[in-house]
Amino acid sequence: MSCTIEINNNNKISFSENRSSRGSAVYAQYGTLNIQNNDFVLFEKNIEKGGNTYRLRSIYTEGSGGSFSLSAAEGNSIVFRDSVYIASGLTVKLNADYKNDNEYVIKQQGDILFTGQYTVTHLNEILVSDNVGRVAMESEILNSRTSELNSSATLYGGALRVEEAAVLKLNGGLTVAEGSEASVEIRAAELNLGSHALSMVSGSSLALADGAKVTATEVTITTGATLAVGGSVSTAPLTEQVAALTLSKESGSLLSLDDAYLELSGNLFFDVAEEEEKIALDIAPGVITDENNQVVLFNV
């Protein structure tokens, strides 16, 4: 049986301290879940409990054929301090334009944020209140920080942000809409597209900082897009099926830079197999790099 859940046009909304075995704040089956055009939406301390195992997870959807939409107007945010799970077979839209009852289109250019900043604190507070007699296990912490979207997602504008040890798995891939000027920002966290590619279109930007990690089969910065790197950033080992942030179009490279803009304010590291040799590559004119106009790369 399908359902439609609409959470639209509100001021501040908080989903907190709900409990369930699945989808403690919102559970949707074979239907539509839209959270759009609200001033501020916060999900935190929502618990799924199975036996003696705890997980912070606020949204759970299952079944195919429905849709899932998260949209925040400019200057507003949807914040997840819990994880979410979105089943495969849904249409997933992030910051798509919102049309009100009068058919007036309201642009959605706000922030959609996944953060693991409060995970340990919130889990331990709940364990104390339940008299469990222990602190949160590493597996519970990781599960609570890991959100999974198993359907193809499209980012239409604003910012998709992953921060503070959160892990966002986009198992259906991510498409940045043409002309959207959207940004994907990963700070001390992980964006994992698995076997899918990430392409930043003209006007969009990919910002990596403070130990950010991006996993994908290919990362492409097209003409007019921006890759901004701050602090120490690493990819997963090249021995896995992951993105290699290289600037070469030679065979084997997994990231191309096509007349785009590279702002390098920190170090860019790549983990490779022991046999690989790193090389220094001169950068094309118009690209900002380090003081020697070079970036240290690895021969793939």
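The values are calculated or read from the model by the stated rules, or taken from the named source; none is laboratory data. Please read all numbers here as calculations on a predicted model, not as lab measurements. Cβ atoms come from the backbone with ideal geometry, glycine included; neighbour counts cover every protein chain shown. Surface areas here come from the heavy atoms of the whole protein model, side chains and all, with no ligands, DNA or RNA. Shrake-Rupley method; radii C 1.70, N 1.55, O 1.52, S 1.80 Å.
Data overview
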item	result
Condition check for Thr61: at pLDDT below 95, buried (at least 22 other Cβ atoms within 10 Å of the Cβ) and more than 22 Å from Ser204 (Cα to Cα)	yes
Tally of residues being open to solvent by 60 Å² or more (accessible area, probe 1.4 Å) and part of a strand (DSSP E or B) across segment 45-54	2
Boolean, Gly116 is buried (at least 22 other Cβ atoms within 10 Å of the Cβ), at pLDDT 95 or above and not hydrophobic (A, V, I, L, M, F, W, C)	yes
Residue selected from segment 72-98 under the condition among the hydroxyl-bearing types (Ser, Thr, Tyr) and in contact (Cβ under 8 Å) with a residue 40 or more places away in the chain, by the criterion nearest to Arg161 (Cα to Cα)	Ser83
Flag for Val167 being open to solvent by less than 60 Å² (accessible area, probe 1.4 Å) and either of a type in the set (Lys, Arg) or closer than 23 Å to Leu33 by Cβ (or both)	yes
Strands (runs of 3 or more DSSP E) wholly inside segment 118-190 containing at least 3 residues that are without any contact (Cβ under 8 Å) to a residue 60 or more places away in the chain	159-163, 167-170, 174-176, 183-187
Within segment 23-44, tally of residues that are open to solvent by 40 Å² or more (accessible area, probe 1.4 Å) and in contact with a Lys or Arg (Cβ under 8 Å, 6 or more places away or on another chain)	2
